[in-house]
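Asks: Here it is: the structure, laid out below.
The values are calculated or read from the model by the stated rules, or taken from the named source; none is laboratory data. Since the structure is predicted, the reported quantities are computational estimates derived from the model, not experimental observations. Note that each Cβ is placed from the backbone with ideal geometry, even for glycine, and that neighbours are counted across all protein chains shown. The accessibility values were calculated without ligands, DNA or RNA, using every heavy atom of the protein model including side chains. Shrake-Rupley method; radii C 1.70, N 1.55, O 1.52, S 1.80 Å.
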Amino acid sequence: MSKLMMRTMDLRGKTMSRAQLLAAMPRADMGTREASAQVQPILDQVREHGAAALRDLEEKFDHVRPHDLRVPASAMQEALDGLDSKVRAAIEESVTRIRKVCTTQVPKPMATDLAPGARVSERWIPIERVGLYVPGGKALYPSSVIMNAVPAQIAGVDSLAVATPPASDDPRGLPAAIILATCAILGVDEVYAVGGAQAVAMFAYGAKGSEPQDGEILCDPVDKITGPGNIFVATAKQMVSGMVGIDAVAGPTEIAILADGQANPDWVAADLIGQAEHDELAGSVLITDSQDLAQGVQEALDRRVPRTEHADRVRTSLGGNQSGIILTDGIDQSIDVANAYAAEHLEVQTADPDAVIDRIRNAGAIFRGPYSPVPLGDYMAGSNHVLPTGGTARFDVALGVHTFMKPVEVIEYDQEGLKPIAAKINDFAVSEDLPAHGECVLSRFLDDPYDKADLEANEEKAGLR
């Protein structure tokens, strides 16, 4: 087999504008525009035909026709009872840790007193109903159940529903047992054996039943959809956004490792491989000012990749245009590159990681030092692994308790608070040619705010001027 070589981008000695640097970053092609033509008919079918369409689509795409689109409680309990004790302990430890972190994330109400009788406060209100998507495919992700459900529960969401594809080897068309068991551990009992874009459509529009076991309504619409998925799930989420809220349009997963010459090349290589294992389109990027480290990592990859189980997938990912080694002139340029790349996961393995982290503006999550590899965050750090991808960490954030809550301002003015600014509000409204705005305020203090000839005199008489 030919030697594995990640492509190298040598930025040493180059001065690049912000636009040039952003354009140079290795990225996977999302392809949502192309996928939309395939997704729209799926959305339309589910919207019109509900559960009947869901069964047809599951048979077409997942090659199984579920009898129970909503997973029965007995199947959830069966999955929990059959869960390996070591795996259950790991899941429960993960749940415990993320719950602890999420509890500290709950936003607190605030109030600002601007003057006597003039207050603006802010309440954080949980979203009423949320649909959580859990992908299947190349791997099973009970961790995604945890990362979506726990913050929603801590936020106080009243109604949680999970959709996940049916397992191809289950004759009943039920999802993978480990996903069902994780839902049972979390107390999530509304679970659907529905995957892909059709699951997004079910959440967005709701779905009427088509068989007796469905009931009249199989699934009620949700207010927000969260969770990662393939290109069709991402495209469907993008297309229903506005009708319902979404967390993000997630692209392929990615890691950037910002390292200097003191980093261990074998550990760096292992971390690049770990991310590449997800998907052929996964991005694995090393940013370094050390030619020796870059060479050491290339050599370590050549030794390690053939020995990992998913070597073919990893090789494709590491050899793709979305992956590579970026050589820089020094730590300053490395930081500039990291901020331009805005990685979903950013590992910092340098002699002074804190000094580097202080200058990082764009990253979904930062993993400090050699003993904080990305899989720690995937499973058990207590942080959330649903993170912005494709450079969107420049403006987007990780999923968390805040994702499932809405800040709502409460305006509380009494007569004493409104009176000193009533005339000013009217002046402002008139300047925007919206006189009725001002008149509704003046009505609290004047008998006839529509008498423009005597308005100023009446304002003075009422103590507004």
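Asks: What nm distance separates the two modelled labels at residue 217 and residue 436, each placed 7 Å from Cα along Cα→Cβ?
Replies: 3.5
Asks: Mind giving me the FRET efficiency for residue 24 and residue 168? R0 is 56 Å, r the Cβ-Cβ distance, nearest 0.05 is fine.
Replies: The value I calculate is 0.85.
Asks: Counting only residues 5 or more places away or on other chains, whose amide H sits under 5 Å from the amide H of residue 406 once H atoms are built in the peptide plane?
Replies: 125, 127
Asks: Oh, and also: When the solvent-accessible surface of protein heavy atoms is calculated with a 1.4 angstrom probe, in what order do 267, 124 fall, highest first?
Replies: 267, 124
Asks: Using a 1.4 angstrom probe on heavy atoms only, work out the carbon and sulfur share of the accessible area of the chain in %.
Replies: Accessible surface attributable to carbon and sulfur in the chain totals 50 percent.
Asks: On to the next question. Using a 1.4 Å probe on the protein heavy atoms only, what accessible surface does residue 5 show? Give it in Å² to the nearest 10.
Replies: Accessible area of residue 5: about 110 Å².
Asks: Using amide H atoms built in the peptide plane, which far-off residues or other-chain residues are under 5 Å from residue 287 H to H?
Replies: Those qualifying (amide H under 5 Å, at least 5 residues apart or on another chain) are 257, 258, 259, 326.
Asks: For the chain, take the longest principal axis of its alpha carbons; what is the angle in degrees between that and the long axis of helix 85-105, to the nearest 10 within 0 to 90?
Replies: Long axis of 85-105 versus the principal axis of the chain: about 30 degrees.
Asks: State, to one decimal in nm, how far the label point of residue 462 lies from the label point of residue 113, with both points 7 Å from Cα in the Cβ direction.
Replies: 2.7
Asks: How far is helix 291-304 tilted off the main Cα axis of the chain, in degrees rounded to 10, range 0 to 90?
Replies: Roughly 60 degrees between the two axes.
Asks: Contour minus end-to-end for residue 49 and residue 74, with contour as 0.36 nm per residue of separation and end-to-end as the Cα-Cα distance?
Replies: Contour length minus the Cα-Cα distance gives 6.3 nm.
Asks: Under a 5 Å amide H to amide H cut-off, with H placed in plane at 1.01 Å, what residues pair with residue 223 once short-range neighbours are removed?
Replies: Amide H neighbours of residue 223: 129, 130, 131.
Asks: What FRET efficiency comes out for residue 125 versus residue 307 if R0 is 60 angstrom and r is the Cβ-Cβ distance? Round to the nearest 0.05.
Replies: Working: r = 51 Å, r/R0 = 0.86.
FRET efficiency, residue 125 to residue 307: 0.70.
Asks: Right, something else. For each pair in 424/452; 108/237; 108/419; 108/424; 419/461, compute the distance between the two Cα atoms and list the pairs where it is over 21 Å.
Replies: 108/237; 108/419; 108/424
Asks: While we're here: Taking only Cα atoms, what is the 0 to 90° angle, nearest 10, from helix 231-240's long axis to the longest principal axis of the chain?
Replies: Orientation of helix 231-240: about 10 degrees from the principal axis.
Asks: To the nearest 10 Å², what's residue 421's accessible area with a 1.4 Å probe?
Replies: Answer for residue 421: close to 60 Å² accessible.
Asks: Only loop residues by DSSP count here, and only those with at most 14 other Cβ atoms within 10 Å; note down the chymotrypsin sites (Phe, Trp or Tyr not before Pro) in the stretch 290-393 that meet that.
Replies: When the chymotrypsin sites (Phe, Trp or Tyr not before Pro) of the stretch 290-393 are filtered for loop state and at most 14 Cβ neighbours within 10 Å, 371 remain.
Asks: Follow-up question, since we're still on this one. If a/c stays under 1.5 just call it rounded; otherwise compare a/b with b/c (prolate if a/b is bigger, oblate if not). Do that for the stretch 414-462, with a ≥ b ≥ c from the square roots of the Cα gyration tensor eigenvalues.
Replies: Oblate, because a/c is 1.5 or more while a/b does not exceed b/c.
Asks: For 211, 309, 432, give me the order by solvent-accessible area with a 1.4 Å probe, most accessible first, ignoring ligands, DNA and RNA. Don't skip to the answer; put the middle values down first.
Replies: Values: 211 65, 309 160, 432 115 Å².
Reading off the accessible areas and sorting them downward yields 309, 432, 211.
Asks: With θ taken as phi - 60° and the coefficients 6.51, -1.76 and 1.60, list the Karplus ³J(HN,Hα) couplings across the stretch 358-375 in order, rounded to whole Hz; mark glycine and proline as x.
Replies: Rounded to whole hertz, the list is 4, 9, 7, 9, 10, 6, x, 8, 10, 10, 8, x, x, 9, 10, x, 4, x.
Asks: So, one more: Label-point separation (nm) for residue 33 and residue 3, each offset 7 Å from Cα along Cα-to-Cβ?
Replies: 3.9
Asks: Given 60/406; 60/86; 100/406, which pairs have Cα atoms separated by over 32 Å?
Replies: Over 32 Å Cα-Cα: 60/406; 60/86.
Asks: Accessible area, 1.4 Å probe, largest first: how do 310, 437, 385 sort?
Replies: Result, largest first: 437, 310, 385.
Asks: What number does the stretch 129-176 give for Rg over Rh if you use C-alpha atoms and the Kirkwood radius?
Replies: On the way: Rg = 12.1 Å, Rh = 11.6 Å.
So for the stretch 129-176, dividing Rg by the Kirkwood Rh gives 1.04.
Asks: Would you mind checking the stretch 2-22 for residues with the amide N under 13 Å from a putative spin-label position 7 Å along Cα→C-beta of residue 332?
Replies: 13-16, by backbone N distance to the label point.
Asks: Just to confirm, what accessible area per residue do you get for the chain at 1.4 Å probe, in whole Å²?
Replies: It amounts to 47 Å² per residue over the chain.
Asks: Okay, next question. For residue 416 and residue 316, FRET efficiency with R0 = 51 Å and r from the beta-carbon atoms, rounded to 0.05? Show your work: numbers first, answer last.
Replies: Working: r = 70 Å, r/R0 = 1.36.
Result of the calculation: an efficiency of 0.15.
Asks: Which value at 222 nm does the chain reach when only helices count, each DSSP H run of 4 or more adding -39,500 (n - 2.57), with the total divided by all residues and rounded to the nearest 500 deg cm²/dmol? Could you put the intermediate results ahead of the total?
Replies: On the way: 19 runs with 195 residues, N = 465.
The helix-only estimate for the chain comes to -12500 deg cm²/dmol at 222 nm.
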